[in-house]
Amino acid sequence: MECVFADLATVQECRFDDALVFESVFAGTHLRDSAFIGVTADQCNFNGVEAQNTDFSDASLRQSRFLNARLTAVSFINCDLKNTLFQFSSRDQVSFKHSNYEEACF
Amino acid sequence: MALPEPNLHVIPYFSPESETTTYIVSRRGGSLAMLIDPVHVNRDFLHILIQHELTVHTVCITHPESYMRHALRTLQKIFDFRVIAGTMELPVSNPVRQLSGEETIDCCDFEMRAIPVLPHSRSSYLYHVESLVFTGSIVHAGTLGDTANAFSEALLVATVKDYLFPLPEGTLMLPSVGPPSTLKAEQTLSPYYREEL
């Protein structure tokens, strides 16, 4: 899947494991109890998402944006976060374990 | 209900070197291509054009940058194209169509509207084609491009509100920097456009 447009939607209990969703728009989406494990989501727009219990482990999120996002209990374990933007986002119980978060922008 | 078949074929090409995206736009099934903001022309980029049997007919520049000169020089050795930009000062010998204000241009079998963005710079333009708007480095997903000062930023916000937001909500915003977005998402989520600010 390239260029998915799911802005301002609600995604609940969905799995996108190992999917290719680069250059996609998830802006303003409510993500609940979902998993994006191993996805290639480079250059994706997650601005303004409200994510809860969401797992992005092993995902590639290069150049993606989480501006103004509300992230609660979200895992970014072992992710590629080069040039990923998290500015103006609120983060509660968020894990960046084994990710290159030093290359991201907070 | 079946969705209508899109008329345009848009191929984003992300250059890891410049960290920008060039868009290759053509009529579906057509052979003429329009490039938006070419920055890095390499083997992979040319392979995309060959694979889709496309010939570069027009190059549109949203905001002229010095780092585009290599791409333009390489392209002019291969293709005979015209350039559409807000300035004549470009490092190409190809014909340049200099924009002056808001214009509608026939290009590669489709109609394109050039929208000036004076607060960003005198040579900055957005390009609106059907349900797409190419914003270059002027407006990105969730943020704005560089402006000289806070007053210019406020003017840029006003320009976006006046020219972009009247377009249909589903219009896709394709910037050369960062991910794509939709006008509805920008209008709803970006702090720049909230009325109380």
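The values are calculated or read from the model by the stated rules, or taken from the named source; none is laboratory data. Note that this is a predicted model, so its numbers are computed, not measured. Don't worry about glycine lacking a Cβ; one is built from the backbone with ideal geometry, like all the others, and counts go over all protein chains shown. Just so you know, the surface numbers come from the protein's heavy atoms only, side chains and all, with ligands and any DNA or RNA stripped out. Shrake-Rupley method; radii C 1.70, N 1.55, O 1.52, S 1.80 Å.
Quick notes on this structure:
- Peptide B:184-190, shielding by other chains (average Cβ, 10 Å cutoff): 6
- Protection-proxy order for peptides B:133-142, B:177-186, each taking the mean of Cβ atoms within 10 Å per residue, highest first: B:133-142, B:177-186
- q = 0.12, 0.15 Å⁻¹, the protein assembly as shown: log10 I(q)/I(0) [Debye, one scatterer per Cα]: -0.80, -1.20
- Those residues of region A:36-54 for which accessible area with every protein chain present is at least 40 Å² below the isolated value (1.4 Å probe): A:43, A:45
- Nonlocal amide H pairs with residue A:48, under 5 Å, H built at 1.01 Å: A:28, A:67, A:68, A:69
- Orientation-averaged projection of region B:8-196 equals 10.2 nm² [convex hull of Cα atoms, one quarter of hull surface area].
- Remark: region A:33-50, residue by residue, has Karplus-estimated 3J(HN,Hα) of 6, 10, 9, 10, 5, x, 6, 9, 10, 5, 6, 9, 9, 10, 4, x, 6, 10 Hz, where x stands for each Gly or Pro and the curve is 6.51 cos²θ - 1.76 cosθ + 1.60 at θ = phi - 60°.
- Taking the accessible area of the protein assembly as shown, probe 1.4 Å, and keeping the other protein chains in place, the carbon and sulfur fraction comes to 49%.
- The 3J(HN,Hα) values that the Karplus relation (6.51, -1.76, 1.60; θ = phi - 60°) gives for region B:143-157 are, in residue order, 8, 10, x, 5, 10, 5, 7, 5, 5, 4, 5, 5, 5, 5, 4 Hz. Gly and Pro appear as x.
- Only Lys, Arg, Asp and Glu carry charge here, each on its Cβ (+1 for the first two, -1 for the last two); on that basis the protein assembly as shown has a dipole of about 460 debye about its Cα centre.
- Annotation: amide H-H contacts under 5 Å for residue A:35 (H modelled 1.01 Å from N, sequence separation of 5 or more, or interchain): A:14, A:15, A:16, A:55.
- Computed from the C-beta positions of residue B:100 and residue A:10, the FRET efficiency with R₀ = 41 Å rounds to 0.35.
- Simple spin-label estimate for residue A:101 and residue A:50 gives 2.4 nm between the two label positions (7 Å along the Cα-to-Cβ direction from each Cα).
- Förster radius 35 Å - calculated FRET efficiency between residue B:169 and residue B:55 (Cβ-Cβ, nearest 0.05): 0.55
- Electrostatic dipole magnitude of chain B [Cβ: Lys, Arg +1; Asp, Glu -1; Cα centre; debye, to 20]: 400
- Accessible surface ranking that places the most exposed of A:65, B:43, B:194 first, with a 1.4 angstrom probe: B:43, B:194, A:65
- Amide H to amide H, with H built 1.01 Å from N, residue A:24 comes under 5 Å of A:3, A:4, A:44, A:45, counting only residues 5 or more places away or on other chains.
- For residue B:44, the solvent-accessible surface computed with a 1.4 Å probe is close to 100 Å², ligands and nucleic acids excluded.
- Every Cα-Cα pair of chain A was included, and the share exceeding 23 Å stands at 9 percent.
- Tensor-based shape of region A:28-87 (alpha-carbon gyration tensor, a/c under 1.5 rounded, otherwise prolate or oblate): oblate
- Euclidean distance of C-alpha centroids, region B:1-70 and region B:142-193, integer Å: 22
- Positive-end extreme of charge dipole, region B:56-101 - chosen from B:78, B:62, B:94 (charges on Cβ): B:78
- Maximal additional length on extending the residue B:149-residue B:48 stretch stands at 32.4 nm, based on 0.36 nm per residue less the C-alpha distance.
- For region A:33-79, the residue among A:36, A:66, A:53 whose Cα projects farthest onto the positive side of the dipole built from Cβ charges is A:66.
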